[in-house]
Amino acid sequence: METVVFYVFAALALAGGLMVISFKNPVSSALSLVLTLFSTAVLFVLLLAHFVAVIQILVYAGAIMILFLFTVMFLNLKSEALKFESKHLGFKVSALLVILLFVGYFASLGFKKGLFLSNTSVSEMEGFGTVQGVGTTLFLDYLLPFELTSILILVAIIGVVVIAKKRSN
């Protein structure tokens, strides 16, 4: 049963990700991203990382997506700003495929290496997906990237406010 649930929600996550980049309307793309984030949360539940799944829904599908939607609506994009530029489309698609090929190759090497490192599953690791495990990892190992991400989000919000202020004047 877990295998069926995994494949269904993995397919939903992939479909949501493809819809994010295929829609021209940014609000539709943001709602597709919510589908992707919820599907990813279900995959975290399958890994027995319930805390990470709840945080995925509350923080990303909730707060961050509301921030994205407010930013998009605050910009008030016109339909001509959303037109797709098809110039050099063949080159862009081929470059994207080459990049995806390299990423897939190196990811497969990493997965093969990771499989031989230990025989324990992810859910059997000490503190995986618990409040203590996430807090320890976040605030000891990844404190600088965590803080830099919050500064990046703040700078993006200020940039949107400046752009919108210039447009209104």
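Values in this text are rule-based calculations from the coordinates and carry no lab data. Small disclaimer: the values here were computed from a predicted structure and weren't measured. Positions of Cβ are backbone-derived with ideal geometry, glycine not excepted, and every protein chain shown enters the neighbour counts.
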Write down, largest first, the equivalent ellipsoid semi-axes of the range 130-169 in whole Å, where each equals the square root of 5 times an eigenvalue of the alpha-carbon gyration tensor. 35, 9, 4
If packing is taken as the average count of other Cβ atoms within 10 Å, what order do 11-22, 37-48 fall into, highest mean first? 37-48, 11-22
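Please list 145-153, 53-61 highest first by mean number of surrounding beta-carbon atoms within 10 Å per residue.
On the way: 145-153: 10.4, 53-61: 16.3.
Going from most to least packed, we get 53-61, 145-153.
Specify whether the C-alpha gyration tensor of the range 1-84 places it in the rounded, prolate or oblate class, a ≥ b ≥ c being the square roots of the eigenvalues: rounded for a/c under 1.5, otherwise prolate if a/b is larger than b/c and oblate if not.
On the way: a/c = 5.55, a/b = 1.79, b/c = 3.11.
Because a/c hits 1.5 or more and a/b fails to exceed b/c, the range 1-84 counts as oblate.
Kindly state, to the nearest 0.05, the FRET efficiency for Leu18 paired with Thr149, given R0 = 22 Å and r defined as their beta-carbon distance. Before the final figure, lay out the partial values.
Working: r = 25 Å, r/R0 = 1.14.
Here the calculated transfer efficiency is 0.30.
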